[in-house]
Amino acid sequence: MYKKIMIVDDEPDILTSLKTVFQNQDYDVVTVDNGLDCITELERGFKGVILMDIMMPGMDGWQTIKEIVNKGLIKNVAIGIITGKGTKNHTNMQGLSCYIYDYFSKPLNIRDLIRSVENCDIFINENDIQ
């Protein structure tokens, strides 16, 4: 199985920590610090799991997810929310919940995060990766 993950967070410490965690789990890791760069990576052909922070300057996580869906970039992508604020019942999640496979509150429980990513219902075919 091809294991690729994109971490989208404006906090450098989160990006560095999660990159290390998932590289140690044999993931190919892409890190970006904003929603626009996430969209760019998807347009370049990224397929895999995205861990998306919600609270980011500029384009927040909700806006980024809406843009991913509107641009038709959701195929072969699974999005998990990582956030320090809010709950699974956040009003902005309405209409987007079908695109979100899990929701993680900071501080993150790394074991639960890894387990959830590994059990995520997305099947990536290596032949689909550009």
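The values are calculated or read from the model by the stated rules, or taken from the named source; none is laboratory data. For clarity, every value in this text was computed on a predicted model and none was experimentally measured. Neighbour counts are summed over all protein chains in view; Cβ atoms, including those assigned to glycine, are modelled from backbone coordinates with ideal geometry.
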Query raised in the report: Mind checking which pairs have a first residue in segment 103-127 that is over 23 Å from Lys47 (Cβ atoms) and a second that is surrounded by 14 or more Cβ atoms within 10 Å (Cβ to Cβ) and at pLDDT 90 or above, Cβ under 7 Å, 6 or more apart or different chains?
Result: Lys106/Ile82; Leu108/Ile82; Ile110/Val21
Report task. Report yes if Phe104 is exposed (fewer than 14 other Cβ atoms within 10 Å of the Cβ), at pLDDT below 95 and of a type in the set (Phe, Trp, Tyr), otherwise no. Result -> no
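For every residue, the table says whether it meets (1) β-branched (Val, Ile, Thr); (2) out of contact with any strand residue (DSSP E or B) (no Cβ under 7 Å at 6 or more places or on another chain); (3) free of Cβ contacts under 8 Å to residues at least 12 places away in the same chain.
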residue: Val8; (1), (2), (3): yes, no, no
residue: Val21; (1), (2), (3): yes, yes, no
residue: Tyr27; (1), (2), (3): no, no, no
residue: Thr40; (1), (2), (3): yes, yes, yes
residue: Lys47; (1), (2), (3): no, no, no
residue: Ile54; (1), (2), (3): yes, no, no
residue: Gln63; (1), (2), (3): no, yes, no
residue: Glu67; (1), (2), (3): no, yes, no
residue: Lys71; (1), (2), (3): no, yes, no
Query raised in the report: So is Asp112 within 21 Å of Thr20 (Cβ to Cβ), at pLDDT 85 or above and surrounded by 17 or more Cβ atoms within 10 Å (Cβ to Cβ) or not?
Result: no
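Only one residue in Gly84, Gly58, Gly95 is under 17 Å from Asp112 (Cα atoms), surrounded by fewer than 15 Cβ atoms within 10 Å (Cβ to Cβ) and at pLDDT below 95. Which one? If you could, list the steps in order and put the result at the bottom.
Working: Gly58 fails: under 17 Å from Asp112 (Cα atoms); Gly95 fails: under 17 Å from Asp112 (Cα atoms).
Going through Gly84, Gly58, Gly95 in turn, the sole match is Gly84.
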Query raised in the report: Condition test on Leu42, is it part of a helix (DSSP H, G or I), buried (at least 18 other Cβ atoms within 10 Å of the Cβ), among the hydrophobic types (A, V, I, L, M, F, W, C) and within 12 Å of the chain's Cα centre (by Cα)?
Result: yes
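Residues are listed down the side, and each one gets a yes or a no for (1) touching a helix residue (DSSP H, G or I) at 6+ places or on another chain (Cβ under 8 Å); (2) surrounded by 18 or more Cβ atoms within 10 Å (Cβ to Cβ); (3) of a type in the set (A, V, I, L, M, F, W, C); (4) within 20 Å of Gly72 (Cα to Cα):
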residue: Ser17; (1), (2), (3), (4): no, no, no, no
residue: Val21; (1), (2), (3), (4): yes, yes, yes, no
residue: Asp37; (1), (2), (3), (4): no, no, no, yes
residue: Ile50; (1), (2), (3), (4): yes, yes, yes, yes
